[in-house]
Amino acid sequence: MGAKTTPSGSKTGSEQVQRQVKLPFMKSLEISIKSIKVRFFRSLITTLSLVLAVSFLSFIGVSNDVANGMLDTREPELRRMLIRSGYDLEPGDTSVGSSPKQRWLVILSLLVCVVGIVNAQLMAVTERFREIGTMKCLGALDRFILRLFFLEAGMQGLAGASIGALLGAIFSLFSGWARFGSVAIAAISWNEVVVSIAVATAVGCLLSLLGVFYPALVAARMQPVEAMRVEQ
């Protein structure tokens with residue numbers, strides 16, 4: 001059966017309800033920003049954990065870019081400087097990659113970051129039982145709740161990942177200058193540095209979205225009556 005119409009020609013029923021609960025994207029964004037402001041310190045902790053993990057990833061990537069730039073000069077003295085600094089270079093090597101130890105450290109730091117995000121978001125869901133229950137009682141669909149959480153995670157992820165990637169790159173460049181002098185900065189390929197920063201930022205944003213997936217699913221599947229009862 002189709003939706004009923006009133007004498008004025010306006011539709012009622014399910015189609016009207018859908019129009020009532022389907023908020024525009026900008027309204028969802030506004031609600032997400034307000035939620036971050038209300039829970040600023042919790043959001044700050046989540047963002048800082050992401051900053052630390054992404055900065056370490058960016059540091060490793062840009063450090064390799066510095067070393068590769070020095071190798072590209074094909075200067076024997078620069079090669080010896082890299083070997084003295086701990087880089088494991090064979091006579092025929094023309095590039096530097098991350099060591100297994102560095103890769104494991106990066107993986108562990110990213111895993112710890114994801115676990116921290118999941119815990120923080122689960123606590124946020126617990127704190128927002130009444131808010132989520134009220135929205136669902138008013139007709140909010142599951143996808144609307146999911147959108148709110150993903151928007152919040154996306155904004156936190158973009159901010160934390162961008163800051164972390166830039167900080168990691170800056171510390172890496174400073175470390176290269178301190179160890180090898182200005183020649184390291186002069187020989188570096190800035191295109192590769194930009195790529196490393198972009199990759200670190202993208203990884204950070206992805207981690208933030210992955211970390212919020214399960215908590216957002218829990219919030220979206222929450223029954224309104226149960227949410228209101230738990231809060232009370």
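None of the figures in this text is laboratory data; all of them are computed from the coordinates on show. Predicted model, so just to flag it, every value in this text is computed and none were measured. Because the Cβ atoms are built from the backbone with ideal geometry, glycine has one as well, and the counts that use them run over all protein chains shown.
For segment 54-133, the set of trypsin sites (Lys or Arg not before Pro) satisfying both a DSSP loop assignment and a count of at most 12 other C-beta atoms within 10 Å is given as 74.
Which order do peptides 153-161, 111-119, 199-207 fall in by mean Cβ count within 10 Å, highest first?
With the highest mean Cβ count within 10 Å placed first, the list reads 153-161, 199-207, 111-119.
Annotation for segment 165-226: chymotrypsin sites (Phe, Trp or Tyr not before Pro) lying in DSSP loop with at most 14 further Cβ atoms inside 10 Å of their Cβ do not exist.
Could you please state, rounded to a whole Å, how far the C-alpha centre of segment 61-78 is from the C-alpha centre of segment 153-205? Here the answer is 16 Å between Cα centres.
Given +1 at the Cβ of Lys and Arg, -1 at the Cβ of Asp and Glu and no other charges, the dipole of segment 47-177 around its Cα centre is 380 debye to the nearest 20.
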